[in-house]
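J.: Below is a structure I'd like to ask you about.
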Amino acid sequence: MKFFISIFFILLFGCQSPTPVYKNDGKYYEDDGPHKEITVDLDSVENAIPIDEPLNKNANKPYKALDNEYTPLTQIQPFYEEGYASWYGKKYHGRKTSIGEVYDMYKMSGAHPTLPLPSYVKVKNLVNNKEVIVRLNDRGPFLRGRIIDLSYVAAHKLEIIDKGSEKVSVELIDPNNNQKTSSSNGKFIQAGAFKLFNNANLMKDKISNLLSSEGYLLKIVNEAGLYRVLIGPLTDDEKLNELMEQINKEYKITVIVKEHE
């Protein structure tokens with residue numbers, strides 16, 4: 001049947017350049033991985049285009065997975081983290097995602113445990129500096145040290161297929177201004193390191209009141225299994241010391257300086 005369908009399209013549209021066929025066994029987990037033959041031109045798949053979408057009510061409720069509890073964000077806000085990305089392929093291809101859509105491993109999509117669904121993020125490979133924009137439509141990953149699962153094509157574009165995972169940064173995109181919601185260069189003050197994202201987010205909210213008129217960026221970075229609350233970037237050492245004293249006095253916490261790139 002597929003043969004006759006192919007002949008039909010050739011007769012209808014005429015002869016065209018053949019679509020590249022990728023063959024790659026990859027390094028993956030359990031029984032997942034790529035299809036043996038891929039007839040999609042992976043390099044021609046474009047980034048997801050951020051648009052303002054209503055959030056899915058069911059997918060953004062608190063939930064439990066692998067004995068861990070998660071409380072998703074319910075609004076688009078400044079968010080930045082670093083950690084390891086993995087990818088998922090044929091095992092889940094065609095299955096429904098957390099928001100009820102069908103997962104397509106050849107579209108620019110991803111899964112995150114706590115970011116709003118659906119939403120858009122910029123993912124940067126911190127080893128080769130390649131970047132993609134994906135639309136989050138699923139929950140996961142739930143393995144320690146992983147912060148995002150990428151579709152097969154997104155992982156291909158970041159060149160992490162063979163390794164299976166790689167250290168990346170994840171930035172939440174506000175589609176209303178189409179600008180990056182954070183920056184990662186410069187000196188930052190670390191105002192706490194937490195095992196749970198929710199605790200880090202609570203500290204970030206508290207400090208945001210103190211810094212409301214200062215214009216500094218607040219972000220949460222996942223490093224070495226801890227969610228770190230960072231403030232900056234600061235280039236003036238005098239202002240940096242002043243801010244550290246202010247935070248210490250207000251919240252009775254010890255802060256440190258991180259050279260964060």
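The values are calculated or read from the model by the stated rules, or taken from the named source; none is laboratory data. Bear in mind that the values here come from a model prediction, so they are computed numbers and not experimental data. Note: ideal-geometry Cβ built from the backbone for every residue, glycine included; neighbour counts use all protein chains shown. The protein model used for the area step is the full one, side chains on, heavy atoms only, and it has no ligands, DNA or RNA in it. Shrake-Rupley method; radii C 1.70, N 1.55, O 1.52, S 1.80 Å.
J.: Out of everything in the range 233-261 that is under 23 Å from the mean Cα position of the chain (by Cα) and open to solvent by 50 Å² or more (accessible area, probe 1.4 Å), what residue ends up being modelled with the lowest pLDDT?
T.: Ranking the qualifying residues of the range 233-261, first place goes to Glu261.
J.: Which numbered condition in (1) closer than 20 Å to Ile220 by Cα; (2) modelled with pLDDT of 95 or more is the only one that Gly145 fails?
T.: (2)
J.: Return the only residue of Leu230, Leu196 being at pLDDT 80 or above and in contact with a strand residue (DSSP E or B) (Cβ under 6 Å, 6 or more places away or on another chain).
T.: Leu230
J.: Would you call Lys157 open to solvent by 40 Å² or more (accessible area, probe 1.4 Å) and free of Cβ contacts under 8 Å to residues at least 60 places away in the same chain?
T.: No: the conditions fail for Lys157.
J.: Collect the residues in the range 111-150 that are of a type in the set (S, T, N, Q) and touching a strand residue (DSSP E or B) at 6+ places or on another chain (Cβ under 7 Å), keeping them in residue-number order.
T.: Thr114, Ser119, Asn125, Asn137 - these are the residues of the range 111-150 that are of a type in the set (S, T, N, Q) and touching a strand residue (DSSP E or B) at 6+ places or on another chain (Cβ under 7 Å).
J.: Quick check on my filter: what residues within the range 166-191 are modelled with pLDDT under 85, open to solvent by 40 Å² or more (accessible area, probe 1.4 Å) and in a strand (DSSP E or B)?
T.: Gln179, Lys180, Lys187
J.: Identify the residue in the range 62-74 that is at pLDDT 90 or above and open to solvent by 100 Å² or more (accessible area, probe 1.4 Å) and, among all such residues, is nearest to Leu217 (Cα to Cα).
T.: Ranking the qualifying residues of the range 62-74, first place goes to Glu69.
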